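The values are calculated or read from the model by the stated rules, or taken from the named source; none is laboratory data. Predicted model only: the values in this text are computed from it and were never measured. Cβ sites come from the backbone with ideal geometry, for glycine too, and all protein chains shown count toward neighbours.
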Amino acid sequence: MGKLFWAIAAVYGGLGVAGGAFASHALQGRLSERALEVFNTGIRYQMIHALALLAVALLLRQGATAGPWLAVAGWGFVSGVVLFSGSLYLISLAGLKLFGPITPLGGLAFLVGWGSLAIAALTLPSDP
């Protein structure tokens with residue numbers, strides 16, 4: 001699973017860089033300031049959680065054993081980006097405000113991810 005999370009983190013990071021460049025160059029002046037702010041919020045959270053997912057992937061690849069908690073954290077970050085950032089992209093680019101109620105579900109997924117990562121840290125075997 002570490003390999004999968006690593007690949008997803010890399011894709012999220014690359015798409016985040018591309019999305020940030022797109023916002024800076026192609027969307028400037030085409031979207032309202034508010035819509036551009038919403039889009040950039042999606043990019044920021046995507047990039048932060050791409051790095052968090054990469055950390056989870058590296059822990060898994062190093063053989064960290066924390067029960068299911070690292071996997072739960074990883075899937076929380078993966079689904080959080082799709083739900084949180086994805087809904088913000090749809091709202092800002094297409095004006096689909098009906099996706100607004102999905103955004104908090106993505107935030108909840110992020111919180112599950114961070115909480116699971118904390119539990120994983122507490123359940124890892126002690127350092128020698």
Which of the residues spanning region 116-128 are assigned to a helix (DSSP H, G or I) and without any contact (Cβ under 8 Å) to a residue 24 or more places away in the chain? A118, L122
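Residue-wise test of (1) touching a Pro at 6+ places or on another chain (Cβ under 8 Å); (2) closer than 27 Å to E37 by Cα; (3) modelled with pLDDT of 90 or more.
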site	(1), (2), (3)
Y89	no, yes, yes
P104	no, yes, yes
L122	no, no, yes
P125	no, no, no
Within region 77-102, tally of residues that are without any contact (Cβ under 8 Å) to a residue 24 or more places away in the chain and either in contact with a Leu (Cβ under 6 Å, 6 or more places away or on another chain) or aliphatic (A, V, I, L, M) (or both): 6
Looking only at region 24-38, decide whether some residue is crowded, with 21+ Cβ neighbours inside 10 Å and of a type outside the set (V, I, T). no
Being of a type in the set (A, V, I, L, M, F, W, C) and under 16 Å from L122 (Cβ atoms) is the filter here; which residues of region 58-70 pass it? L59, A64, A66, W69, L70
Counting residues that are under 17 Å from G115 (Cβ atoms), which helices (runs of 4 or more DSSP H) fully inside region 1-98 reach at least 2? 33-61, 69-80
